[in-house]
Amino acid sequence: MAIRSLKNGTFSRSLLIGNTAYDPPDFESIATVSVGSGGAANVEFTSIPSTFAHLQIRAIIQTNRGTYTVDEFNLQVNGVTSANYSRHELLSSAMSNDTPYSQGSGSETKMANIPTISGVKANYFGAAIIDILDYANTNKYKTLRYLGGADSNGDTVGLHNVLGLGSGALYVNTNAITSIKMYPQNGTQFNQYSRFALYGVK
Amino acid sequence: MPAGLTYETVATTTLTTTTASVTFSTISGSYTDLILVFADVKLSGAADSAINFQVGNGSVDTGSNYSFTIMGARSASGTPFSNRLDTTTQGRSNWYTSITSSVAAMSQMHFMDYSNTTTFKSILANSRVQPGDANYSGTETIVNLWRSTSAINTIKVYPNVGSFTSGSTFTLYGITAA
């Protein structure tokens, strides 16, 4: 509640004149999922409030894919599982002195496919930062960008995508994003200690 | 009243003299992630240099416990590059691009889940070296790995050769998840 002193005109948003005014933060934590000992087939944020301008997901990730060190995880929104996404990535393999390559198309079933790592090498976790811009605006298609990957200290068995920069969009409608689902590409679950944190940006 | 800010400044340093390295120490473990931002970081005492970092608990780890994979493009080259370096003694915020006395780095480094004592630590870097010299300018993305389950409470950044110039600014932010 805003208060103005009648004596000296001092304005304050706190109930005690003279205290530092409370300035609501522009970057807020909405929800966090920390995967427990049983693993998680997927991680989903639901009932996302429409009160922010943008969303950011910050995550560390490990899947239970066997044999291969590398894996990816996928992202879908609002329960859309059909080929209504467009997606493009610039990717690096872990091969020395390689040339980055691209993948993706205008007809994809995932909004993002982000490199990460499996538990073949214990204690190795990938990292990802995903920005979904203007997610609550009902006048435009939704778009995201991501930076993600994992370094495996030279493990090259079956190695391909390990570091990626990507963008994705949903073209089926202009609905506000109210749910986000993430799941492994090759493994059947995210392993314990994987963590996904959703933030709102005003 | 809020319990604490989700995104707050932990520490900031603007150099007032030429300095060989910048260290953030006794970093609180109360955040979820850390972000280190470079602004107008330039070089003195050498022609050009990459920017390295080391992390640790108490003191920085100087052993061969780092590795990284990079991807980027340099202004002088029409071909983007990708490479990796294994089992090395430092991580990188940039490698193929370089800072000089007139070409500055503007970078973000994300230390993800830095204080957990269970996983090895991944550090994502998004680096921009400003236009000015096509041989050094460009953009790089790097995923670094520190092979230790220790919590990070010390971060040291330093140029591969030379020193940082006066006016170089380093700001450390903490992000707290719900």
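The values are calculated or read from the model by the stated rules, or taken from the named source; none is laboratory data. Predicted model, so just to flag it, every value in this text is computed and none were measured. Heads up, the Cβs are rebuilt from the backbone with ideal geometry, glycines too, and the neighbour counts pull from every protein chain shown. Side chains included, ligands, DNA and RNA excluded: accessible areas come from the protein's heavy atoms. Shrake-Rupley method; radii C 1.70, N 1.55, O 1.52, S 1.80 Å.
Working from label points 7 Å from Cα in the Cα-to-Cβ sense, the A:Thr174 to A:Ser107 distance is 2.5 nm. Rounded to the nearest 0.05, what FRET efficiency is calculated for A:Glu44 and B:Val37 with R0 set to 22 Å and r the Cβ-Cβ distance? Efficiency for this residue pair is about 0.10.
Can you sort A:Glu72, A:Glu28 by 1.4 Å-probe accessible area, starting with the largest?
Working: A:Glu72 15, A:Glu28 50 Å².
The ranking, largest first, comes out as A:Glu28, A:Glu72.
For the stretch B:25-153, the mean projected area of the C-alpha convex hull, equal to one quarter of the hull surface, is 7.7 nm². Take the Cα of B:Val10, step 7 Å toward its Cβ, do the same at A:Thr51, and the gap between the two points is 2.8 nm.
What FRET efficiency, computed as 1/(1 + (r/R0)^6) with R0 = 30 Å and r the Cβ-Cβ distance, is obtained for B:Thr62 and B:Asp133, rounded to the nearest 0.05? Write out the running numbers ahead of the final one.
Details: r = 31 Å, r/R0 = 1.04.
It comes out at approximately 0.45.
With charges set only on the Cβ (+1 for Lys and Arg, -1 for Asp and Glu), what does the dipole of chain B come to about its Cα centre, in debye to the nearest 20?
160 debye
In this rough spin-label picture, where each label sits 7 Å from Cα along the Cβ direction, the B:Met106-A:Ala83 distance is 4.1 nm.
Based on the Cα atoms of the protein assembly as shown, what semi-axes does the equivalent ellipsoid have, where each is the square root of 5 times one gyration tensor eigenvalue, given in whole Å with the largest first? Don't skip to the end; give the middle numbers.
On the way: eigenvalues 192, 179, 86 Å².
Result for the protein assembly as shown: semi-axes of 31, 30, 21 Å.
Treating the stretch A:25-150 as a set of equal point scatterers at the Cα positions, no solvent, please give the Debye-formula log₁₀ I(q)/I(0) at q = 0.14, 0.17, 0.20 Å⁻¹. At q = 0.14, 0.17, 0.20 Å⁻¹ the computed log10 ratios are -0.72, -1.04, -1.35.
Other protein chain C-beta atoms within 10 Å of residue C-beta, averaged over B:112-119: 5. Among B:18-25, B:114-121, B:55-62, A:191-198, the peptide with the highest mean count of other Cβ atoms within 10 Å heads the list, and the full ranking is A:191-198, B:114-121, B:55-62, B:18-25. Along its three principal directions, the equivalent ellipsoid of the stretch A:107-202 from the Cα gyration tensor extends over semi-axes of 28, 14, 12 Å, largest first.
Is there a pair in A:Lys121/B:Lys156; A:Lys140/A:Lys181; A:Lys142/B:Lys121; A:Lys121/B:Lys42; A:Lys140/A:Lys202; A:Lys110/B:Lys156 whose C-alpha atoms are over 30 Å apart, and which pairs would that be? Please report the intermediate quantities before stating the final value.
On the way: A:Lys121/B:Lys156 27 Å; A:Lys140/A:Lys181 21 Å; A:Lys142/B:Lys121 32 Å; A:Lys121/B:Lys42 38 Å; A:Lys140/A:Lys202 18 Å; A:Lys110/B:Lys156 39 Å.
Going by Cα-Cα distance, A:Lys142/B:Lys121; A:Lys121/B:Lys42; A:Lys110/B:Lys156 fall outside the 30 Å limit.
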